[in-house]
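Have a look at the structure below, then the notes.
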Amino acid sequence: MSYNIAIDGPAGAGKSTIAKKIAAKMNFIYVDTGAMYRAMALHMIRSQVDPSDADKISETCQSADITIRYEDGEQVVYLNGENVNGLIRTEAVGNMASVSSVNPDVRKKLVELQQKLAGTADVVMDGRDIGTCVLPNANVKVYLTASTAVRARRRYDELTVKGENCDLKQIEADIEERDHRDMTRELSPLRQAEDAVLLDSSDMTIDEVVDAVIQMCGRKE
Ligand code: DC
């Protein structure tokens, strides 16, 4: 049986940073499910899909073949055979992902892929619905959050380092809008699973959060 760690939480809470470090320390595979939804969103943008056209999103997702490979320990997302890792971290793709991920056909396709991965390997998987829907029997579940101001600042710093021109206030507004959409959608909304441990990283260092999660694994084993 594979060992599964589920980390859910809102955008910018530090999920991927924490999950990557835990995976490296425990020799697990890190599965970034947001990257899969982002690759699907890139496919929607390229196909010029109107975000408000649900039928078109359902139809267009059928022509997206999304696969994951691990190259030098990094997750690489392929969209119809093309490595799209360098194209999916923009605000435009993130905003489209938040909209297109509401679609049941998009979710069905990606959840199947995620469950297959977790069934065959020890994984740390992060997303919005991992503990509640994708891996309800995960060995450890964490709900990682932080204040909106802290999360906006982190996203701003991340984008600025990459040379993207951005505005802190706009990012904060985008985060609030995305949180609202992720938390209020009908299908698999972002929420803390009943058996998940809540961690607020606003005033914690990365290593403190990593250690706290690894301790939870120790207790459960
Ligand atoms: O974590 P992220 O910012 O890369 O995620 C992009 C969007 O994908 C996010 O707004 C919601 C969606 N998502 C989801 O619905 N379910 C997941 N398991 C992961 C991400």
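The values are calculated or read from the model by the stated rules, or taken from the named source; none is laboratory data. Keep in mind it's a predicted model, so treat the numbers as computed, not measured. With ideal geometry, Cβ positions are generated from the backbone for all residues, glycine too; neighbour counts draw on all protein chains shown. The accessibility values were calculated without ligands, DNA or RNA, using every heavy atom of the protein model including side chains. Shrake-Rupley method; radii C 1.70, N 1.55, O 1.52, S 1.80 Å.
Computed quantities for the displayed model
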| item | result |
| --- | --- |
| Unit charges at the beta carbon, dipole of the chain: most positive-side option, ILE45, GLN115, SER16 | GLN115 |
| Rounded to the nearest 10 Å², the accessible area of GLU158 at probe 1.4 Å | 90 Å² |
| Distance from region 148-194 to region 4-46 (C-alpha centre basis), Å | 14 Å |
| CD proxy at 222 nm, helix term only [per DSSP H run n ≥ 4: -39500 (n - 2.57); per residue of the chain; nearest 500] | -15500 deg cm²/dmol |
| Lysines whose Cα lies under 19 Å from that of LYS116, excluding same-chain neighbours fewer than 8 positions away | LYS108, LYS141 |
| Computed lengthening from LEU113 to SER63, 0.36 nm per intervening residue step minus Cα-Cα distance | 16.5 nm |
| Rounded, prolate or oblate (a/c below 1.5 giving rounded, otherwise prolate when a/b exceeds b/c) for region 7-103 by Cα gyration tensor | prolate |
| Estimated inter-spin distance, GLU186 and LEU159, nm [label 7 Å along Cα→Cβ] | 3.1 nm |
| Surface share of carbon and sulfur [accessible, 1.4 angstrom probe, percent] for region 1-156 | 49 percent |
| Residue with peak Gaussian network fluctuation, the chain [Cα springs, cutoff 10 Å], from GLY131, GLY12, GLY81 | GLY81 |
| Semi-axis lengths (Å, descending) of the ellipsoid that matches the C-alpha gyration tensor of region 7-46 | 24, 12, 6 |
| Rounded to the nearest 20 debye, dipole of the chain from Cβ charges on Lys, Arg, Asp, Glu | 260 debye |
| Unit charges at the beta carbon, dipole of the chain: most positive-side option, SER100, GLY218, ALA196 | GLY218 |
| Cα-centred dipole magnitude for region 75-124, charges only on beta-carbon of K, R (+1) and D, E (-1), debye, nearest 20 | 100 debye |
| Rg/Rh (Cα only; Kirkwood hydrodynamic radius) as it applies to region 57-109 | 0.98 |
| The chain, relative contact order [Cα under 8 Å, separation at least 6], % | 33 percent |
| Share, in percent, of DSSP beta bridges within the chain that are antiparallel, nearest 5 | 30 percent |
| Gyration tensor (alpha-carbon) shape descriptor, region 123-221, a/c threshold 1.5 | oblate |
| Kirkwood Rh and Cα Rg combined as Rg over Rh, evaluated for the chain | 0.94 |
| ASN80/GLN215 FRET efficiency (R0 30 Å; Cβ-Cβ; nearest 0.05) | 0.15 |
